[in-house]
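A quick write-up on the structure given underneath.
The values are calculated or read from the model by the stated rules, or taken from the named source; none is laboratory data. From a predicted model like this one, the values you see are computed outputs, not experimental measurements. Because the Cβ atoms are built from the backbone with ideal geometry, glycine has one as well, and the counts that use them run over all protein chains shown. The protein model used for the area step is the full one, side chains on, heavy atoms only, and it has no ligands, DNA or RNA in it. Shrake-Rupley method; radii C 1.70, N 1.55, O 1.52, S 1.80 Å.
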Amino acid sequence: MTRLLNVLVRDEAGFIVSAELVLVASIAVLGLVVGLSEVSLNVNNELEDVGSAFASIDQGYCVEGLSGHKGKSKGSHFQDCQDFCAGQYDVQ
């Protein structure tokens, strides 16, 4: 048993392969971090565009009055005010 243990301790055949795997894995992780950072930035930019699009929707309406032979309606009007932070580039 001790002879087998000594043989295993002195065996260095897999050292080069494991060192190469660590190097390749480190490079892959660095690439993934940079790639996911860019994905995150672009997703945030697109969500900002969607938010600006929702903020620019006009919610005001106007219904003209109607008059007929025996009836009359004055109509209705609503004007939407601009939000406090409503701008094209309001999210920072």
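Tabulated results
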{"item": "Qualifying positions in segment 1-21 - exposed (fewer than 10 other Cβ atoms within 10 Å of the Cβ) and assigned to a helix (DSSP H, G or I)", "result": "2, 3, 4, 5, 7, 8, 9, 10, 15, 16, 17, 18"}
{"item": "Residue list for segment 40-56, restricted to those being open to solvent by 80 Å² or more (accessible area, probe 1.4 Å) and among the aliphatic types (A, V, I, L, M)", "result": "41, 47"}
{"item": "For residue 92: the one exception among (1) within 20 Å of the chain's Cα centre (by Cα); (2) surrounded by fewer than 10 Cβ atoms within 10 Å (Cβ to Cβ); (3) at pLDDT 75 or above", "result": "(3)"}
